[in-house]
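As structure tokens, the structure follows; a few thoughts come after it.
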Amino acid sequence: MKIAIFDSGLGGLSVLNEALKKLPNEQFLYYADKDNVPYGLKSNEEILKFTTKAVKFMQEQGAKAIVIACNTATSVAIKELRSNFNLPIIGMEPAVKKAVDTCKKARTLVIATPVTVKGNKLKELIARVDSDHLIDLVALAKLVEFAENEEFNSPRVKEYLQSELLEFDLSLYSSLVLGCTHFNYFKDSLREILPSHIRLLDGNEGTVNKLKFELERLNLLERSPANVEYFYSGRAVKESAELDKINRYLDRLDKMLFIE
Ligand code: DGL
């Protein structure tokens, strides 16, 4: 049986990349909802509809567990998905707890999609962990599209990031939380524009640890050679040009792993 990893697009490859390292004897299915990306600019009803369709598909393909490797889809749909489907579903949340635990008394900036920033789920999480009110949120509406177009480190990207962060006195912040899986591709661009004392935090490791823990608990771990099948909105990806593109994204993520 397979572990299915789902995102609106190619951002969730950052979770797959981590999962391949931590769970090297598993079969994976990666589902990118390419027809409907970006989710972060859509309504909650649309996101719930797209995500439900994808989860149904992944279950039919023999998924034993599903990771919603998308902060936006988790924020909108995780509750309904868990009550409508009978298999373990692991969600993804911006790593604000990690930020509060590691950066005592300094400010944290969370960057995420507009839907995640507006959503109650993140607000409730922050209310639970941020008793000193040290967390600020920024919605970055354009980064997902840049990532899907394989534009990561161009002058346009850096100008966009700079202009969105202009209003913050960055000397007051000690961490930047990447609250969208697509944002992992921009660690080098962010590093170039942020002061060196700011740490970049993502939720990939925590999410994969949760997945591993859950599979161990349910005795669902396997011992097979690793394999990944890719699907774009329910269509198997077989073309070598597209598989080469996915490998370029995974290579980039490997390079971004060393940037903190
Ligand atoms: N990777 C998704 C996330 O983590 C991006 C959502 C989108 O498509 O806007 O939020």
Legend entry - Failed item in (1) closer than 22 Å to L137 by Cβ; (2) open to solvent by 10 Å² or more (accessible area, probe 1.4 Å); (3) not polar (S, T, N, Q), with I68 passing the rest: (2)
Inset, instruction - Would you check if there is a residue in region 29-50 being of a type outside the set (S, T, Y), closer than 22 Å to L221 by Cα and in contact with a strand residue (DSSP E or B) (Cβ under 7 Å, 6 or more places away or on another chain)? - result: yes
Inset, instruction - Say whether the condition of being over 24 Å from L140 (Cα atoms) and surrounded by fewer than 22 Cβ atoms within 10 Å (Cβ to Cβ) is met by at least one residue in region 1-19. - result: yes
Legend entry - Residues that are touching a strand residue (DSSP E or B) at 6+ places or on another chain (Cβ under 9 Å), touching a residue at least 24 places away in the same chain (Cβ under 8 Å) and part of a helix (DSSP H, G or I), drawn from region 118-138: L122, I126, V129
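K121 - would you say it is more than 30 Å from G62 (Cα to Cα) and not β-branched (V, I, T)?
Values: more than 30 Å from G62 (Cα to Cα): no; not β-branched (V, I, T): yes.
When the stated conditions are applied, K121 does not pass them.
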Inset, instruction - Out of K2, K34, report the one residue that is closer than 22 Å to R82 by Cβ, modelled with pLDDT of 95 or more and in contact with a Phe, Trp or Tyr (Cβ under 7 Å, 6 or more places away or on another chain). - result: K2
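Can you confirm whether S224 is in a loop (DSSP other than H, G, I, E, B) and closer than 27 Å to V177 by Cβ?
No.
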Inset, instruction - Identify, by number, the condition in (1) touching a residue at least 60 places away in the same chain (Cβ under 8 Å); (2) out of contact with any Gly (no Cβ under 6 Å at 6 or more places or on another chain) that H182 doesn't meet. - result: (2)
Legend entry - Checking E26 against (1) among the charged types (D, E, K, R); (2) open to solvent by 30 Å² or more (accessible area, probe 1.4 Å); (3) at pLDDT 95 or above, the condition it does not meet: (2)
Inset, instruction - Check V228, V237 and return the single one that is touching a residue at least 12 places away in the same chain (Cβ under 8 Å) and closer than 30 Å to T52 by Cβ. - result: V228
Inset, instruction - Filter region 1-49 down to the residues that are in contact (Cβ under 8 Å) with a residue 12 or more places away in the chain and of a type in the set (D, E), then identify the one that is farthest from the ligand (Cβ to nearest atom). - result: E26
Inset, instruction - Could you run through region 158-184 and say how many residues are over 15 Å from L109 (Cβ atoms) and under 19 Å from the mean Cα position of the chain (by Cα)? - result: 3
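Out of everything in region 71-110 that is of a type in the set (S, T, N, Q) and over 19 Å from G9 (Cβ atoms), what residue ends up being least open to solvent (accessible area, probe 1.4 Å)? Steps first, answer last, please.
Keep residues of region 71-110 that are of a type in the set (S, T, N, Q), which gives 71-72, 74-75, 83-84, 86, 102, 108.
Checking which are over 19 Å from G9 (Cβ atoms) leaves us with 83-84, 86, 102, 108.
On the way: S83: 92, N84: 106, N86: 148, T102: 96, T108: 4 Å².
Within region 71-110, the match that is least open to solvent (accessible area, probe 1.4 Å) is T108.
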Legend entry - Out of L250, L200, L215, sole residue that is surrounded by 18 or more Cβ atoms within 10 Å (Cβ to Cβ), touching a residue at least 12 places away in the same chain (Cβ under 8 Å) and under 15 Å from the mean Cα position of the chain (by Cα): L200
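The values are calculated or read from the model by the stated rules, or taken from the named source; none is laboratory data. Predicted model, so just to flag it, every value in this text is computed and none were measured. Cβ atoms come from the backbone with ideal geometry, glycine included; neighbour counts cover every protein chain shown. Calculation scope for accessible area: heavy atoms of the full protein, side chains included, ligands and nucleic acids excluded. Shrake-Rupley method; radii C 1.70, N 1.55, O 1.52, S 1.80 Å.
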